[in-house]
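J.: Please read through the structure below; I'll follow up with questions.
Read-outs: derived from the displayed coordinates by stated rules, not from any lab. Keep in mind that this is a model prediction, so the values were computed, not measured. Positions of Cβ are generated from backbone atoms using ideal geometry, with glycine treated the same way; all protein chains shown enter the neighbour counts.
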Amino acid sequence: MKGGASPPAAVPEPETAAVSETPEQMNQRLCGVIAHARFTVLAEPHAWQPLARSTPLPASAIAVVRDGEAWAALVPATTDAAGAYRIFAFHFAEGTNASGFVAWLAGLMKREAGTGAMVVCGFDARATATLWQTSLGLFDYWGCPWAKGDAVIALVERLRSKNSI
């Protein structure tokens with residue numbers, strides 16, 4: 001894995017076989033996954049801030065990424081800042097099957113809320129063997145344009161209320 005992170009000790013590699021399910025079954029499974037995930041909505045907008053090579057990481061950053069030699073941090077911003085995102089996060093429940101989650105929710109956001117998605121995956125601090133099998137040990141920060149945030153959060157809450165697991 002990149003960045004030196006590795007799965008918990010004695011964890012079997014995740015199964016690589018594709019899940020055989022109909023689109024309806026996948027939708028039902030992922031509605032259950034989203035219903036059982038810890039869902040957090042950050043109150044303040046965030047935006048990507050370029051970082052100079054010698055700049056220390058901002059303490060308020062929730063993510064830092066590198067594109068070649070350029071670094072940027074996702075930090076709190078104002079609602080009128082260029083590129084302001086509404087940020088929300090999913091920490092998946094152990095024992096669920098989150099495969100396909102990003103593509104599924106991003107497609108629903110586009111179709112039902114009229115917006116794309118920005119997703120930054122991070123290593124989940126719980127780091128358990130079951131979580132590794134659930135989501136490869138990851139959690140997701142999601143973002144959408146600040147102006148679309150209410151519509152996207154309402155969509156997620158509707159999906160969570162279906163609770164299909």
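J.: Once both labels are modelled 7 Å past Cα along the beta-carbon direction, what's the Arg160-Glu44 spacing in nm?
T.: With each label point 7 Å from Cα toward Cβ, the separation is 2.2 nm.
J.: Could the peptides 98-107, 55-64 be put in order, highest first, of the mean number of other beta-carbon atoms found within 10 Å of their residues?
T.: Final packing ranking: 98-107, 55-64.
J.: Compute the FRET efficiency between Trp71 and Asp150 as 1/(1 + (r/R0)^6), taking r as their Cβ-Cβ distance and R0 = 35 Å, and round to the nearest 0.05.
T.: It comes out at approximately 0.65.
J.: Could you order peptides 86-97, 69-80 by the average number of other Cβ atoms within 10 Å of their residues, highest first?
T.: 86-97, 69-80
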